[in-house]
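S.K.: Okay, handing you the structure first.
The values are calculated or read from the model by the stated rules, or taken from the named source; none is laboratory data. Everything numeric in this text was worked out from a predicted model, so none of it was measured. Heads up, the Cβs are rebuilt from the backbone with ideal geometry, glycines too, and the neighbour counts pull from every protein chain shown. Only protein heavy atoms, including side chains, enter the accessible area calculation; ligands, DNA and RNA are left aside. Shrake-Rupley method; radii C 1.70, N 1.55, O 1.52, S 1.80 Å.
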Amino acid sequence: MPLDRRRFLALTASSALVGPWGRHSGAAAAPARNVILMISDGAGFHSWNAAAYYADGRLGQRPYDRLRVRTLMTTFPLNTSRTATHDGRASITYDPARAWSKVPVTTASRSHDDHFAGYAYVKQDFTDSAAAGTALSAGIKTYNNAINVDDFGRPVRMVSEFAKSAGKAVGVVTSVQLSHATPAAFAAHNPSRQDYVGIAEEMLQDDLVDVMMGCGHPLFDGNGQARAPDADRAFRFLGGPELFERTRRGERGQQWIETKADFEALAQGRLRRTHAQLVGVPQVASTLQFNRQGAPLTTVPDLATMSLGALNTLGRHDAGFFLMIEGGAVDWAAHRNATRRLIEEQLDFDGAVAAVIAWIEDHGGFEETLLIVTTDHGNGILYGPESDRIAFQPVVNRGQGALPEVMWHFHDHTNELVPVWSAGPGAERLLAVSSGRDPHTHLVGWNDVTRYHDNTDIAAAMVQAMTGEALPIWQ
């Protein structure tokens, strides 16, 4: 069941609310009017590189490459339990020497041979998107499956709530289902990411999120074709049949949009606003494009259009805003080892990054807005075509418009370092807390970046940028 907002506010004021936020070391002026976090879900280093080779024929030309601060980040969870263990004990870490070991091995991890000890190591003890999203949003480590609750099942305060307390507007945009793990981590609390109905109930019945956009439309299939739902299960990502209908009809005081034309009108500033809260659900079942059969759908917006619509709406708020944007199906493509579709999804995300940067530059620049571009975890262990015998062989560039040559070594998440790009007020905090050192990052093209921080430091940096709270890193 969703967490009642009044109960949550009571917990916030008491010692029952956990997390590092109450133990700050002082306050500083909050420099950021706006904070935008962009997550390409499941994008390991070579997901970014493969897309860059296809789009540009070389590295360094993608929109996020313009962001001046580059860091590396760990992603591991507190533990790999699927339920709270009620001990709070951290059982996982990241060891660079083991992660990059070239020692040959003959073991296999599920459907893929390991080949090298480093490959085998990063296939173990990996996070899911719920624990990773909670780390990025609430700044704590927790068990896999948890949405903003700790290992004792207690709710934790997330960045969206800090933003709201500071008088800012809040937005969540995703290319997958609205109540999926990553968007949920910035809008809800639940002991299980699988409780899509409960998460959607909290998101749609609460006043925390001013603009929310994501898929999961029960009246359309994966190809964007109208359908008659055969069961209540089709409505689960939007809280069930009754809540879906009430929200769609505006009975809950929310403005609902679903057509591509309305998303485009919102992005262009032409859509008449009728309610303070906006819910946008494209006419497609699960993802904007990934689950289609055949040619790209022309009946749904792209992630850039949805992002601009959210920015133009939130940007009217006098006190500024927090916005999370997720390219969620990059992860889906990596799970299937689908190289072409991975690149397609990554480039859709890249288009959204370009649109966001352009918006920032037209609205006060990076003096007013902190932008962080990253992922929640790696997936698939994507390297070059001979990386079964040449450890960590890079993806082979075949030039602009040509698929790079690759080999996949897994079909699930990984305990690897991931890249982070940032710019704006507070970005330097990520450099300051990068206390880990990994001397092997030249193997993925980050020769000059060897220091890394934890994923929980993202939440601390965002909250400090918005509120002035000087928060410690997670311990």
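S.K.: Determine which member of the set 165, 160 is among the polar types (S, T, N, Q), closer than 26 Å to residue 34 by Cβ and open to solvent by less than 20 Å² (accessible area, probe 1.4 Å). Quick ask: steps written out before the conclusion?
M.R.: Values: 165 fails: open to solvent by less than 20 Å² (accessible area, probe 1.4 Å).
That would be 160, the only listed residue that is among the polar types (S, T, N, Q), closer than 26 Å to residue 34 by Cβ and open to solvent by less than 20 Å² (accessible area, probe 1.4 Å).
S.K.: Only residues that are of a type in the set (D, E, K, R) and either closer than 17 Å to residue 324 by Cα or crowded, with 24+ Cβ neighbours inside 10 Å (or both): list them for segment 189-202, please.
M.R.: In the first step, residues of segment 189-202 are kept if they are of a type in the set (D, E, K, R); the result is 193, 195, 201-202.
193, 202 - these are the residues of segment 189-202 that are of a type in the set (D, E, K, R) and either closer than 17 Å to residue 324 by Cα or crowded, with 24+ Cβ neighbours inside 10 Å (or both).
S.K.: Can I ask one more? If I filter segment 45-76 down to residues being in a helix (DSSP H, G or I) and of a type in the set (Phe, Trp, Tyr), which single residue comes out as most open to solvent (accessible area, probe 1.4 Å)? Don't jump to the end; show me each part of the working.
M.R.: In the first step, residues of segment 45-76 are kept if they are in a helix (DSSP H, G or I); the result is 45-56, 63-66.
Then drop every residue that is not of a type in the set (Phe, Trp, Tyr), which leaves 45, 48, 53-54, 64.
Working: 45: 20, 48: 5, 53: 36, 54: 68, 64: 6 Å².
Restricting to residues being in a helix (DSSP H, G or I) and of a type in the set (Phe, Trp, Tyr), the top hit is 54.
S.K.: Only one of 180, 115 is closer than 25 Å to residue 443 by Cβ and either open to solvent by 30 Å² or more (accessible area, probe 1.4 Å) or among the hydroxyl-bearing types (Ser, Thr, Tyr) (or both); which? Give the steps one after another, and end with the answer.
M.R.: Working: 180 fails: closer than 25 Å to residue 443 by Cβ.
Matching residue, one of 180, 115: 115.
S.K.: OK, next. Which residue, of 418, 433, is of a type outside the set (Lys, Arg), within 27 Å of residue 78 (Cβ to Cβ) and in contact (Cβ under 8 Å) with a residue 60 or more places away in the chain? If you could, list the steps in order and put the result at the bottom.
M.R.: Values: 433 fails: in contact (Cβ under 8 Å) with a residue 60 or more places away in the chain.
None of the others qualify; the one that does is 418.
S.K.: Still on this structure: Which residue out of 461, 402, 391 is under 20 Å from the mean Cα position of the chain (by Cα) and touching a residue at least 24 places away in the same chain (Cβ under 8 Å)? Don't jump to the end; show me each part of the working.
M.R.: On the way: 402 fails: under 20 Å from the mean Cα position of the chain (by Cα); 391 fails: under 20 Å from the mean Cα position of the chain (by Cα).
That would be 461, the only listed residue that is under 20 Å from the mean Cα position of the chain (by Cα) and touching a residue at least 24 places away in the same chain (Cβ under 8 Å).
S.K.: Just one of 387, 434 is among the polar types (S, T, N, Q) and either in a strand (DSSP E or B) or in contact with a Phe, Trp or Tyr (Cβ under 8 Å, 6 or more places away or on another chain) (or both); which is it? Give the derivation first.
M.R.: Details: 387 fails: either in a strand (DSSP E or B) or in contact with a Phe, Trp or Tyr (Cβ under 8 Å, 6 or more places away or on another chain) (or both).
Exactly one residue qualifies, and that residue is 434.
S.K.: Moving on. Considering only residues that are open to solvent by 10 Å² or more (accessible area, probe 1.4 Å) and outside any loop (DSSP other than H, G, I, E, B), which ones fall in segment 286-312?
M.R.: Listed by number, the residues that qualify are 304, 305, 308, 312.
S.K.: Would you point out the residue of segment 393-427, among those that are buried (at least 19 other Cβ atoms within 10 Å of the Cβ) and among the small types (Gly, Ala, Ser), that is nearest to residue 344 (Cα to Cα)?
M.R.: Checked segment 393-427; the qualifying residue nearest to residue 344 (Cα to Cα) is 422.
S.K.: Given (1) over 16 Å from residue 459 (Cβ atoms); (2) buried (at least 24 other Cβ atoms within 10 Å of the Cβ), identify the lone condition not met by residue 186.
M.R.: Failed condition: (1).
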